[in-house]
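Step one of this worksheet: look at the structure below.
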Amino acid sequence: TMIIETQAVGPFFKNGFVLASESTREAVFIDPGDEVAGLLSFIEKNRLTVRHILLTHAHVDHVTGVAAAKRALGAPVYLHREDLFLYEHAVESGVLFGLEVEPQPPIDVFYAPRQEIAFGGYEVRPHHTPGHCPGGVCLQVGETGAAGTQLFVGDTLFAGSIGRTDLPGGDYATLIRSIRTVLFAFGDDAVVYPGHGPTTTIGKERRTNPFLVT
């Protein structure tokens, strides 16, 4: 069974995730934000070795903890290239919210098509899902060599809602297309872990989400 730890704190209450193998203790850290201290404590307490720091996108609430995570863990940081402009302006974005955000470390790896990111008998496959922002991705996680059914979708899809599209680089039609063509393709049983709010499933959102019901 894969370990999944989720934490969220104010002001954004953005979900950060640590996924780990119970047997090897290898892990990935998804979207280190303001909850980074709590998740780093969880990593230390459970003696996990984080192999990768994976970003679903680069809006400021999803990256405020990247520098702290990088200092503590030394793992490479991944991002989609089309969100680099957002990542590089995290400090300025923080100012808009009245927050002091430290400069973030350089990106180590840009996601590539058909990429497989391994940790402890599991693998992460990134899928480009623009719309909320240009470089948004869905991180599909499952056992090595299998079609993963756990989806870490950032702010593309929420339980009962979808990501906003009024920020720089956002586009409503593109977002809906990403959800229908990329996320729906994983099937109704796929579990969705959004960047904010509770877990849901593709089937539930396809049937009941007011933005997606046709």
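Structure notes:
- Note on region 38-153: Kirkwood hydrodynamic radius from all Cα pairs is 14.9 Å, rounded to one decimal.
- Label-point separation, Arg47 to Arg177 (7 Å along Cα→Cβ), nm: 5.0 nm
- Cβ charges +1 (Lys, Arg) and -1 (Asp, Glu), total dipole of region 1-151, debye: 320 debye
- Share of Cα-Cα pairs in region 1-85 lying beyond 18 Å, as whole percent: 36 percent
- Listed peptides 93-102, 162-171, 194-203 by packing density, highest first (mean Cβ within 10 Å): 194-203, 162-171, 93-102
- Under conditions of 20 °C and 1.002 mPa s, region 161-209 yields 186 µm² s⁻¹ as its translational diffusion coefficient, taking Rh as the Kirkwood radius over Cα pairs in the Stokes-Einstein equation.
- Extending 7 Å from Cα along the Cβ direction at Thr144 and again at Ala118 yields two label points whose distance is 0.4 nm.
- The chain - Rg and Dmax from Cα coordinates, angstrom: 15.9, 47
- Separation of alpha-carbon centers, region 168-214 and region 1-61, rounded to whole Å: 22 Å
- Three semi-axes of the equivalent ellipsoid, region 122-209, Cα gyration tensor, whole Å, largest first: 20, 15, 11
- Label-to-label distance, Glu88 versus Thr6, with points set 7 angstrom from Cα along the beta-carbon direction: 3.4 nm.
All of the numbers you see were taken from the coordinates with simple rules; none came from a lab. Fair warning: this is a prediction, and the values are worked out from it, not measured in the lab. Here Cβ is always computed from backbone atoms with ideal geometry, including for glycine, and neighbour counts include all displayed protein chains.
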